[in-house]
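K.L.:
Right, I'll just put the structure down here and ask away after.
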Amino acid sequence: MFLREQGKHLSLQDRGAIVALFHEETTIPEIADIIQCHPNTVKKWIHRYEETFDVKRKIGSGQARKTTPAQDAMLLQAVRAKPITTLQKLKDICELPIDRGTISRRLKMHGIYGRIAAKKEFLTEAYKNTRLAFATEFVNKGADCGQKLFLVMKKLSVPMNLVVSSSFERMELGSTLIILR
C-alpha cells in the first residue's frame with residue numbers, strides 16, 4: 001500500500017496515514033514498518049499534528065534556491081549558444097558559485113538533459129575485417145609496384161568509392177581514406 005522510494009519525502013497521504021494509525025493505537029515501530037520510514041519520522045509527524053492539527057509541510061520549509069531566474073536564463077542561453085559542453089564549463093562561462101548538480105537540475109527543469117560528451121561508435125568485427133582486407137590488398141600491391149600507401153583516418157559516411165585523379169588514386173571506405181601514389 002505504501003510503496004515509496006528510500007529517502008523521498010512522505011506524501012500528504014502518508015502523513016495522514018501516520019496520524020490515523022496512531023489514533024488507532026498502532027505503535028510507532030509498527031507505523032514505521034507500514035509506511036516504510038524511520039520511527040523518528042513517524043514521531044515528528046505525530047508531534048507536528050499534536051501541535052498544529054495539520055500534516056502539511058511548514059511554509060518556507062526547505063532550502064532556499066541557489067540561483068535567480070536571471071541566472072537560470074543565463075544558463076539556458078549558454079547551453080543554446082554551445083549545446084555540446086560540460087556542466088563545469090557552463091559553470092565557468094556563467095561564473096556561478098553553485099554546484100554542477102544544481103546546474104543539471106536547472107537544465108532538467110527546462111527539458112535539457114545529458115551534459116556528458118558523446119561517445120563514438122565502435123567498429124563492428126565485420127567492418128574491421130573488411131577494412132583490413134582492403135588495406136592488406138593494397139599494401140601488397142603497393143610493395144610490388146613501388147607505390148606508397150598512405151592511410152589517413154577521417155570519419156566519412158560514404159561507401160567504398162574509387163576516385164581517380166591525374167596523380168593519385170583515392171579510395172574511401174567508411175571512415176578510412178586511402179590514397180595511392
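The values are calculated or read from the model by the stated rules, or taken from the named source; none is laboratory data. These numbers come from a predicted model, not from an experiment. We place every Cβ from the backbone using ideal geometry, glycine too, and count neighbours over all the protein chains shown. Heavy atoms of the whole protein, side chains included, go into the accessibility calculation; ligands, DNA and RNA do not. Shrake-Rupley method; radii C 1.70, N 1.55, O 1.52, S 1.80 Å.
K.L.:
Can you give the extra length, in nm with one decimal, that the chain gains between GLN13 and GLN88 once fully stretched, where that is 0.36 nm per residue apart less the Cα-Cα distance?
P.N.:
Numbers: separation 75, 0.36 × 75 = 27.00 nm, distance 3.95 nm.
Value of the extension gain: 23.1 nm.
K.L.:
Residues with beta-carbon under 15 Å from that of ARG48, excluding ARG48: net charge, scoring Lys, Arg +1 and Asp, Glu -1? Don't jump to the answer; show the numbers that get you there.
P.N.:
On the way: positive: ARG15, LYS43, LYS44, LYS56, ARG57, LYS58; negative: ASP14, GLU50, GLU51, ASP54.
Neighbour charge sum, excluding ARG48 itself: +2.
K.L.:
How large is ³J(HN,Hα), in whole Hz, for each residue of the stretch 125-131 in order, when computed from phi with the Karplus curve 6.51 cos²θ - 1.76 cosθ + 1.60 and θ = phi - 60°, using x for Gly and Pro?
P.N.:
Residue by residue, the stretch 125-131 yields 4, 4, 5, 4, 5, 4, 5 Hz.
K.L.:
While we're on this one: With a 1.4 Å probe and all protein chains in place, put PHE122, PHE53 in order of accessible area, largest first. Walk me through the numbers before you get to the answer.
P.N.:
Working: PHE122 190, PHE53 150 Å².
The most accessible residue leads, giving PHE122, PHE53.
K.L.:
Measure up LYS8/LYS89; LYS8/LYS43; LYS43/LYS66 against 20 Å on the Cα-Cα distance and list the ones that go over. Show your work: numbers first, answer last.
P.N.:
On the way: LYS8/LYS89 31 Å; LYS8/LYS43 17 Å; LYS43/LYS66 31 Å.
Too far apart for the 20 Å limit: LYS8/LYS89; LYS43/LYS66.
K.L.:
How long is the gain from LYS128 to ARG105 if the chain were fully straight, where each residue apart is worth 0.36 nm and the alpha carbon distance is subtracted? Write out the running numbers ahead of the final one.
P.N.:
Working: separation 23, 0.36 × 23 = 8.28 nm, distance 4.09 nm.
Fully extending the segment from LYS128 to ARG105 adds 4.2 nm.
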